[in-house]
1. Within the stretch 521-531, track down each residue that is open to solvent by 40 Å² or more (accessible area, probe 1.4 Å) and not in a helix (DSSP H, G or I).
2. Residues in the stretch 141-153: is at least one open to solvent by 10 Å² or more (accessible area, probe 1.4 Å), modelled with pLDDT of 90 or more, part of a helix (DSSP H, G or I) and out of contact with any Ser or Thr (no Cβ under 6 Å at 6 or more places or on another chain)?
3. Just one of the numbered conditions (1) open to solvent by 40 Å² or more (accessible area, probe 1.4 Å); (2) in a helix (DSSP H, G or I); (3) closer than 30 Å to residue 243 by Cα is not true of residue 57; which one?
4. For the stretch 104-118, give me each residue that is under 25 Å from the mean Cα position of the chain (by Cα) and buried (at least 20 other Cβ atoms within 10 Å of the Cβ).
5. If you check every pair at least six apart or on different chains, which have Cβ atoms under 6 Å apart with a residue in the stretch 193-207 that is more than 19 Å from residue 84 (Cβ to Cβ) and surrounded by 10 or more Cβ atoms within 10 Å (Cβ to Cβ) first and a residue that is of a type outside the set (Gly, Ala, Ser) and modelled with pLDDT of 70 or more second?
6. Looking only at the stretch 495-519, count how many residues are at pLDDT 90 or above and charged (D, E, K, R).
7. Quick one: which residue in 89, 37 is β-branched (Val, Ile, Thr) and either surrounded by 16 or more Cβ atoms within 10 Å (Cβ to Cβ) or in contact (Cβ under 8 Å) with a residue 24 or more places away in the chain (or both)?
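The values are calculated or read from the model by the stated rules, or taken from the named source; none is laboratory data. Everything quoted here is computed from the prediction, not taken from an experiment. Neighbour counts are summed over all protein chains in view; Cβ atoms, including those assigned to glycine, are modelled from backbone coordinates with ideal geometry. Remember, those area values only see protein heavy atoms, side chains included, never the ligands or the DNA or RNA. Shrake-Rupley method; radii C 1.70, N 1.55, O 1.52, S 1.80 Å.
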Amino acid sequence: MVGRQAGTRSARSHALSVLRIRGTALALALLPAAAAVIVFAAETTGRVGGSGWAGVRLALSCLAVLVLATAAGVAAVIAWSRPAVSPTVSVEESAAPDLYDLVRDLAERLEVPVPSAVALTPDCDSWLEDRSHRTRGRIPPVLVIGSPFLWWMRVAELRALLAPVVAGTGPSVHPDIAASRRFVRGLDAAVAVADKARSVRSGGAVRRAVLRFAGLCARMMLRACAPHAAEMERGVAAAAASRAQGVDLALRTAAQEQVGLAYAGWDRLLTRVALPAWRIGRWPVRLDAGVVSALTELSHRDRLAEGFTSRLGERPACDLLDEPGAVDEAVSLLAARLFHGGPPEPGPYWAPVDWQAYPEEVVDRIWRTRAARLFTQLDALDRPGGGPADGGATPARIMKWLADGGAGRTEELAARIGADAAREQARQSWEDPLVAPLIAGAGDGPGGSGVTPMGLPLQAPRSGRELMTEHITAVICCAAVDSAGAAPGLDWLDGPALLLDGASTADLTGPVLELVEDGDGRALRDWMAAVGVRPDKPVRLV
């Protein structure tokens, strides 16, 4: 109770400081008008007079009108600029009555207002988000829940995790805190609008000038408000955490452990499994279900979580949704848009893929595309005039080519492969209006930050050795599928895998690296002989 009161007092104190900054800005805008009124009143009462004072009154009146008009313009930009809203998937109460009941029960136990709605984010985080910028008075926030939590966590764990978040609705509806948040969000939105007007250069010159000046003023006020706003949010968080101490405290430690595991599995699934599919125009429709498989596999390999078997026997939190499959599909599409920049709807070059079809539609296609690229560029080097060179698309040909040293052309082949891959990726890139506004400078273009909005790093430039290794590996995998009875597969933690008799084969990286770096193909020939691959048989290309 003491911690809650202290946090609330701190938050209110800093909220008032933010509002005082707003009041100071308003007072500065009214100052010339007040001076003009004083001079006019003094002239009317006969305290001052003469032609000199008439000039002062005129100058002050003109200045007052100019300042008031400018202030009105700045205030209009701040008031009507829409703050950024996190892209989420809305969950209506009719589609998840049990989830809404859980949230209401939490709010009643915590004695706080109930969040107005529930939404899901394709990320491992949960928060309250105010989406009613123009509403005055009590503001009901939206509860945003990280979707991997719903599939990985049990119902009791999710309740324990959400308790501190839901508790935040208490201080968030306080009039001073709500007003200060509304003011800060307006300033932030005005800065974003001004920055966009500067970069896009759309509209008239007067409009751009007004927006730039409004952005300058908003940035100055935002800089003054920032320390108080940060302390206010710390106070709100402290008060919420203190209020939630009495609800599911024993479960909260276990829930926090599951947060770390969910994040690890989600990150691995995105980078190793989803990203390869996104790059060829396929988006997995059950990412949240996939994270359960990934974490289950992780527990089997590393024995990280003893007792998982009994835990997984309890009711999963996704059962709180009436149609978890449909929700997972919507969240998966949003994840693809945020992390990769895909279009908002499926299309000819942007198709959904189920986990059962992933090996054939994603893994096999990636291998054969890389194999085709390798032999196309190899033909261009061996037969500049056109037409396929002798040897065909066989592993034996590329092994002999590298073993003979290439006449110093290995680097040229790698450069050709890299340039071809870059051209293909550029053709498949998407201009998605959802992604660009989320982070200033997002992307890898001029002035870009090299980071996508949700924090997934862009692929680093690969060296010639890495390009050659992955393309030769693809050739060998295709040959194993075509001539040795192997099959493309999916490893939940490592992504594309080559399966032989249903099990992953030995790692190819070492033998292929020996071939690429030293021209020594003995280890690779031994591997192919053990698996039953015929190096002289052409592989099927796309």
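1. none
2. There is at least one residue in the stretch 141-153 that is open to solvent by 10 Å² or more (accessible area, probe 1.4 Å), modelled with pLDDT of 90 or more, part of a helix (DSSP H, G or I) and out of contact with any Ser or Thr (no Cβ under 6 Å at 6 or more places or on another chain).
3. Of (1) open to solvent by 40 Å² or more (accessible area, probe 1.4 Å); (2) in a helix (DSSP H, G or I); (3) closer than 30 Å to residue 243 by Cα, only one is false for residue 57: (3).
4. Hits for the stretch 104-118 are 115, 118.
5. Close Cβ pairs satisfying both conditions: none exist.
6. Going through the stretch 495-519 one residue at a time, the tally reaches 1.
7. Numbers: 37 fails: either surrounded by 16 or more Cβ atoms within 10 Å (Cβ to Cβ) or in contact (Cβ under 8 Å) with a residue 24 or more places away in the chain (or both).
Every option except 89 fails the conditions.
Conditions (1) closer than 26 Å to residue 153 by Cβ; (2) open to solvent by 40 Å² or more (accessible area, probe 1.4 Å), marked per residue:
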| position | (1), (2) |
| --- | --- |
| 221 | no, no |
| 225 | no, no |
| 238 | yes, yes |
| 244 | yes, no |
| 249 | yes, yes |
| 256 | yes, yes |
| 262 | yes, no |
